[in-house]
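Participant: Have a look at the structure that comes next, please.
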Amino acid sequence: MTSSTPSTPAAKAAPKDPWDLPDVSGLVVGVLGGTGDQGRGLAYRLAKAGQKVIIGSRAADRAQQAAEEIGHGVEGADNADCARRSDIVIVAVPWDGHAKTLESLREELAGKLVVDCVNPLGFDKKGAYALKPEEGSAAEQAAALLPDSRVAAAFHHLSAVLLQDTSLEEIDTDVMVLGEERADVELVQALAGRIPGMRGVFAGRLRNAHQVESLVANLISVNRRYKAHAGLRVTDI
């Protein structure tokens, strides 16, 4: 008669530290819409932090001129070349050109991590208000149009004025990051954290992007009332 020794249950692995983020310093970041205020500001801050940045525009000469003005090693290219040469691509184009731009770059963006920061907004005499795209949000529209890309959403609530203010060494704000894959979200969190004063915070999957995009309308109201450039901080984390 043989006897068996009860097996010892395997020890559970320690949960992953949510602030243990990857090193993204060697990745090339492209900014579509990099000649606009938001795109220029993000390009400036990331390049100043040591990131390799390429800004894209429909016209390469416009992008090159803007890149020279930004400095810090930023390069300019047309949108297609920018997308091809980048590891992570930030979409900072106007909402009314969002779908057309992404449709035209589907091939160049295949296999890339695409970070959408577009806010679908309308404006009337009462101020800014949120629009609801058919897909649910700008980020979900990007995911639908780019089936071969990995889409995340982030950088919606940053003031273009503060981003471009060269007298500011830090920007005191959190960046809400949404996405389907933890690894992709953490790459974007780490990228946000390259900018002094910023912190990337996981805020859910893409189905929750509409609320994040829409909140910009509220921030515009805050800024107008208080003559400010408001951002967000999440407490207790």
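The values are calculated or read from the model by the stated rules, or taken from the named source; none is laboratory data. Worth saying up front: this structure is predicted, and the values here are computed from it rather than measured. Because the Cβ atoms are built from the backbone with ideal geometry, glycine has one as well, and the counts that use them run over all protein chains shown. For accessibility, only protein heavy atoms count, side chains too; no ligands or nucleic acids. Shrake-Rupley method; radii C 1.70, N 1.55, O 1.52, S 1.80 Å.
Participant: Considering only the range 102-130, state which residues are open to solvent by 70 Å² or more (accessible area, probe 1.4 Å), closer than 22 Å to residue 221 by Cβ and not in a loop (DSSP other than H, G, I, E, B). Before you say what the answer is, go through the steps one by one.
Facilitator: Initial filter on the range 102-130 (open to solvent by 70 Å² or more (accessible area, probe 1.4 Å)): 103-104, 106-107, 123-126, 129.
Those left that are additionally closer than 22 Å to residue 221 by Cβ: 123-126, 129.
Within the range 102-130, 123, 124, 129 qualify.
Participant: Now, a different point. So which residues in the range 69-91 are closer than 11 Å to residue 58 by Cα and hydrophobic (A, V, I, L, M, F, W, C)?
Facilitator: Scanning the range 69-91 gives 77, 80, 82.
Participant: Considering only the range 24-39, state which residues are open to solvent by 10 Å² or more (accessible area, probe 1.4 Å) and of a type in the set (A, V, I, L, M).
Facilitator: 27, 28 - these are the residues of the range 24-39 that are open to solvent by 10 Å² or more (accessible area, probe 1.4 Å) and of a type in the set (A, V, I, L, M).
Participant: Against the condition buried (at least 17 other Cβ atoms within 10 Å of the Cβ), among the β-branched types (Val, Ile, Thr) and over 14 Å from the mean Cα position of the chain (by Cα), how does residue 171 come out, does it pass?
Facilitator: Yes; evaluated as a whole, the condition is true for this residue.
Participant: Can you tell me which residue is farthest from residue 177 (Cα to Cα) among those in the range 204-230 that are among the small types (Gly, Ala, Ser) and in contact (Cβ under 8 Å) with a residue 40 or more places away in the chain?
Facilitator: So, considering only residues that are among the small types (Gly, Ala, Ser) and in contact (Cβ under 8 Å) with a residue 40 or more places away in the chain, the one farthest from residue 177 (Cα to Cα) is 221.
Participant: Further question on the same structure: Condition first: aliphatic (A, V, I, L, M), in a strand (DSSP E or B) and surrounded by fewer than 20 Cβ atoms within 10 Å (Cβ to Cβ). Now tell me which residues in the range 40-67 satisfy that.
Facilitator: Listed by number, the list is empty, since nothing qualifies.
Participant: Right, something else. Of the residues in the range 187-199, how many are open to solvent by less than 20 Å² (accessible area, probe 1.4 Å) and either under 17 Å from residue 89 (Cβ atoms) or free of Cβ contacts under 8 Å to residues at least 24 places away in the same chain (or both)? Show your work before the answer.
Facilitator: Going through the range 187-199, the residues open to solvent by less than 20 Å² (accessible area, probe 1.4 Å) turn out to be 188-192, 195, 198.
Those left that are additionally either under 17 Å from residue 89 (Cβ atoms) or free of Cβ contacts under 8 Å to residues at least 24 places away in the same chain (or both): 188-192.
Residues that pass the stated criteria total 5.
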